[in-house]
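> I am attaching a structure below and will ask some questions about it afterwards.
Throughout, read-outs are computed from the coordinates displayed, never taken from laboratory work. Predicted model only: the values in this text are computed from it and were never measured. With ideal geometry, Cβ positions are generated from the backbone for all residues, glycine too; neighbour counts draw on all protein chains shown.
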Amino acid sequence: MKKIINGRLYNTETAKFLGEDNYSNARDFAHWSEELYQKRTGEFFLYGQGGPMSRYAQTTGQNEWSGGEQIQPLSVDAARKWAEKHLSADEFEAIFGGITEDDSKKNATFSISRDAIELLARMASETGKTRSELVEEMIRNCK
C-alpha cells in the first residue's frame, strides 16, 4: 500500500518490514493484521487491515460495513510500544537494541536536519548499530 500523509510518502513496497501481528482469519469479521515498517529516513509506520468488525472497518452505507486498510505514521515511542506489545523480545531487540534495566541511560529529544537523520539511518543500517549507539559513539569521540 502506498499513501501520502501530511506531505510524506509511506510505501509498504519500499520500506523495511520489521514485524507483524494478527487476530483470527479472514472468515472472521473481526479479523485484523498489522505490520510495522521503517522508512529509509528512520520514520516508523503501521500498515493495518481487517474485517468489517475490526478497527479497520469502513462504512459503505447506512449500517453497512466492509473491511478496510490504513497506514498510520508512528513516533519512535509509539513504534516501541507497539513492538513491545506485539513482537517477541528478540524481534524487539533487533529493531531497537538491547534493553538496559538500570537507570544509566536517559531518553533525550532533540532536532537535527533531515539530511543528518537520513545519514544516521543509513549508518545504522550499514553498521548494524542502533542510532542511539552511533550518536553516543560520536559524542564520546569528540572529547
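> Could you point to the label whose value was computed as mean projected area of the Cα convex hull in nm² for the structure here, given (i) 14.9; (ii) 7.9; (iii) 11.1?
Here mean projected area of the Cα convex hull in nm² agrees with entry (iii).
> With a cap of 11 neighbouring Cβ atoms within 10 Å, and only residues DSSP puts in a loop, list the chymotrypsin sites (Phe, Trp or Tyr not before Pro) found in the range 66-143.
The qualifying sites are F110.
> Something else now. Which whole number in µm²/s is D for the range 103-143 by Stokes-Einstein, with the Kirkwood Rh taken over Cα pairs at 4 °C and 1.567 mPa s?
The diffusion coefficient I find is 116 µm²/s.
> Now for a different question. Only four residue types carry charge here, +1 at the Cβ of Lys and Arg and -1 at the Cβ of Asp and Glu. Report the dipole size of the chain about the Cα centre in Debye, rounded to the nearest 20.
The calculated dipole for the chain is roughly 540 debye.
> Tilt of helix 131-141 relative to the longest C-alpha principal axis of the chain, in degrees (0 to 90, nearest 10)?
So the inclination is approximately 10 degrees.
> Just want to confirm a number: the relative contact order over the chain, from Cα pairs under 8 angstrom separated by 6+ residues, in percent.
So the answer I get is 16 percent.
> Give the residue from A15, M53, L87 lying farthest towards the positive end of the charge dipole for the chain; charges sit on Cβ (+1 for Lys and Arg, -1 for Asp and Glu) and the dipole is referred to the Cα centre.
Highest projection toward the positive end goes to A15.
> What is the dipole size for the range 103-143, taken about its Cα centre, with +1 at each Lys and Arg Cβ and -1 at each Asp and Glu Cβ, in debye to the nearest 20?
100
> What range in the chain is the longest one free of GluC sites (Glu not before Pro) that are in a loop by DSSP and have at most 14 other Cβ atoms within 10 angstrom?
14-100
> Additional query: Taking 0.36 nm per residue of sequence separation and subtracting the Cα-Cα distance, how much length would be gained by fully extending the chain between A78 and T60, in nm to one decimal?
Roughly 3.5 nm would be gained on extension.
> Further question on the same structure: Ranked by Cβ crowding within 10 angstrom, fewest neighbours first, how are K16, K85, K3 ordered?
Lowest count first: K85, K16, K3.
> Give me S113, S33 ranked fewest to most by other Cβ atoms within 10 Å of their Cβ, as a rough exposure proxy.
The most exposed by this proxy come first: S113, S33.
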